[in-house]
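Below is one structure, written out as C-alpha cells, with a few remarks after it.
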Amino acid sequence: MIGINNKYPSPKIVPCAKCNRDIKLYTHQKAASFCCGHCGAYSIYDKQKPIKSNYNITKIKEKTFKVGTVFKIEELEFVLINFIAKEETSYKTIWFEYTLFHPIIGYWTLNESDGHFTLIKPSKYYAQSFENVKSITLPKTGNYQLYSKYKYKVKLAEGEFFDDILDKNYSTSADYVNPPYILSYEKTKDEIFWYHGEYIDHKTVKSWIKEDVDLPTKDGIAPNQPFSLNFSQDHLRRLSVISVIILIISQFILSTYITTPKEVSSQYYSQNDNLSQRTYVSLPFEITRDNCAADFVLTSNLNYNWLETDFTLVNETTGDQYYFSGSLEYYSGYTDGESWSEGSNNSTLSVGQLKKGRYHYNLLVTNDINKSFGSLSVVVKENVDILSNFIIVLLCLLIFPLYISYKRSRFDRKQWYNSNYSPYNYD
Amino acid sequence: MIENNGITAIIPHIIMINLERVSKIISIKGLKGYVIFISLLFIGYFYLQLNGIFIYNSTSSEHEGGDHSYSNSHHK
C-alpha cells in the first residue's frame, strides 16, 4: 500500500476497536486518535495501541473528499488524513474541516463552509492579550477585523487526528478577517492555536486533486471571500479620478481657447398689430466658424402672458435651413400673503453644426390674441460651448466606478450581515 | 567627465523609478477594457465639441438643404 507517493512509507494499518475493519494511519505514531469511517467508533491511540473510547462519532456518509485523497498544493503533495464537521454552539451552523498532511511541512487544513473553501495554515502570530481585541494588523497582509467569536463541538468525524478532538470541544475560537485572508485562534483549557487562512476558489481546489470531484454549490458570502473583481478597486478609482481631471482640464482649454462665444446679431421685435401670429425677418449676420454651435438668447417682458417662437435659420450661402422653436411664459401674483412666479422671460435655443456663411432667420411669433406680448429681444451668439456634452461624458466616466462602488458596498454589507461585530447598520 | 558619467548613469535609474511609481498609481491591470472605453469617450468628446454636435439638445431642431439633413425632432 502506497501512502502519499512512492517516496514515503505506506500507511500503518490498525483495526477498528469496534468493527475490526482496517484503518489506515498515514501519520503513523503521530496519530493520537482516529475515527472509523465505517462504524463511526472513535478511538484514542495510545502507546501504539488503539484504546476504545466511550464516544461513537456519527458515521460519515456525505463528504466532499475521501480520506486518502492526494492534494498537490504549491508543488507539495499532501494526503487527506481526516474530516471533521464542527457545529457552532449558538447558531448551530456547521462547517467542515479536511486536514492535509505532508511529512515535512506538517498539517494544513482545508475548511469548507457553505461551499466556500479556505486553506488554513498554522500561524506564527501570537498575542499575549487578545480576547478583547477587535482588530489585528499583520505586517505583510494588513489589518484584520474581528468577525466572530464562538464555541464549537465536533458533530462528525472520520480519519486520524494528531490530538484528541473531543478534548477541544467547547474551546473558545475567534475569526478576524481581511479578505481573502482570515486569522483565527482556538483556545483550549491548556493551549492557544493561531491559524492563518486564505480564501480559495473552486477552480483552484479542483486543480489540486487528480480525481474529478463535485464541489458543493456556494451559498451566501464567506467572511473572508474577496469581492470578485479581476482588477484592483484602488486602481479603478485612481484611473477614474485622473480621467475626470483630464476631462475638466480639456473642457477648460476648449472653453478658453477654442469655443469662444461671439455675439453676431442682436435684434429687437415688438408687437404693433392685433393678430395672434406674425413673421419677422432678421437682418443678415455672419457665422465666422465652420461646424460650430450657436445660441439664440430670447428675452421678453411678459407678465401673465406667453408666446411661442418658430425660427427658420437660413444659410444664404448654401441654402441650408435650420428649423427650431421655443416658448416663453411668465406668470406672477400674490396669493395668501405670498408672492409667487412661474416660468421665465428668458430662454436659450441652441443649434449645432452650423457652416460658415451669411445667415438670416425668419421668426414666427404666436401669442394670445387678447394680449400683446410687448417686445422680444433675440441675441445670436456663435461658437458657443456645448456644456451638455461635457456633462454627459462626465457621467459616462463615472457610471462604471460608481456601479462598482455600489456593488462593493452591497457585497460588504451582505458579507458582514452574520457578524455580531458588523460595522454596518441593518435597521 | 566623471560627474557627467555619473549623471548619465543616474538619469535612466531615476526615470525607471518614476515610471515604476507612475505604473503603481495608474496601473491598468485588468482594466484594459475600461481604458479603451475611456479613450473612445475622449475621442468622441473632442470630435463632438470641435464639430459643434450635441449629444443631447433640449432645443428641437431640424436641418434641411445642402448635401445632408438631420433632425432631432418630429417634422412640423
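The figures follow:
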{"quantity": "Peptide ranges A:158-165, A:252-259 listed from the most packed, as the mean C-beta count within 10 angstrom indicates", "calculated": "A:158-165, A:252-259"}
{"quantity": "Span from the region B:26-57 Cα centroid across to the region A:141-185 one, whole angstrom", "calculated": "50"}
{"quantity": "Inter-centroid distance (Cα atoms) of region A:318-376 relative to region A:70-109, Å", "calculated": "77"}
{"quantity": "Residues of type aspartates and glutamates that A:LYS30 reaches as a straight line, Cα spacing below 15 Å, ignoring anything fewer than 8 places off in the same chain", "calculated": "A:ASP46, A:GLU160, A:ASP163, A:ASP164"}
{"quantity": "Paired Rg and Dmax values of the protein assembly as shown, which use every Cα atom, in angstrom", "calculated": "38.4, 120"}
{"quantity": "A:CYS292, A:CYS396, A:CYS35, A:CYS19 arranged by Cβ crowding within 10 Å, fewest neighbours leading", "calculated": "A:CYS19, A:CYS396, A:CYS292, A:CYS35"}
{"quantity": "Per-selection Kirkwood Rh - region A:276-404 (Cα, Å, 1 d.p.)", "calculated": "17.0"}
{"quantity": "Rounded, prolate or oblate (a/c below 1.5 giving rounded, otherwise prolate when a/b exceeds b/c) for region A:258-325 by Cα gyration tensor", "calculated": "prolate"}
{"quantity": "Paramagnetic label zone (point 7 Å from Cα along Cα-to-C-beta, A:GLU131; backbone N under 13 Å) in region A:154-181", "calculated": "A:172-173"}
{"quantity": "Assigned charges on the beta-carbon of Lys, Arg, Asp, Glu; region A:234-375 dipole about Cα centre (debye)", "calculated": "660"}
{"quantity": "Gained length - A:ASP427 relative to A:LYS155, 0.36 nm times residue gap less alpha-carbon distance", "calculated": "94.5 nm"}
{"quantity": "Free-standing Cys, chain A [no other Cys Cβ under 4.7 Å]", "calculated": "A:CYS35, A:CYS292, A:CYS396"}
{"quantity": "Violating pairs (Cα-Cα greater than 25 angstrom) within the set A:LYS134/A:LYS218; A:LYS407/B:LYS29; A:LYS72/A:LYS121; A:LYS72/A:LYS153; A:LYS187/A:LYS210; A:LYS151/A:LYS203", "calculated": "A:LYS134/A:LYS218; A:LYS72/A:LYS153; A:LYS187/A:LYS210; A:LYS151/A:LYS203"}
{"quantity": "³J(HN,Hα), Karplus 6.51/-1.76/1.60, whole Hz, each residue of region A:395-411, x for Gly, Pro", "calculated": "5, 4, 5, 8, 4, 5, x, 5, 5, 5, 5, 5, 4, 5, 5, 4, 4"}
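Since every read-out is calculated from the coordinates, none of them should be taken as a lab result. Here the structure is a predicted model, which means the values were calculated and not measured. We place every Cβ from the backbone using ideal geometry, glycine too, and count neighbours over all the protein chains shown.
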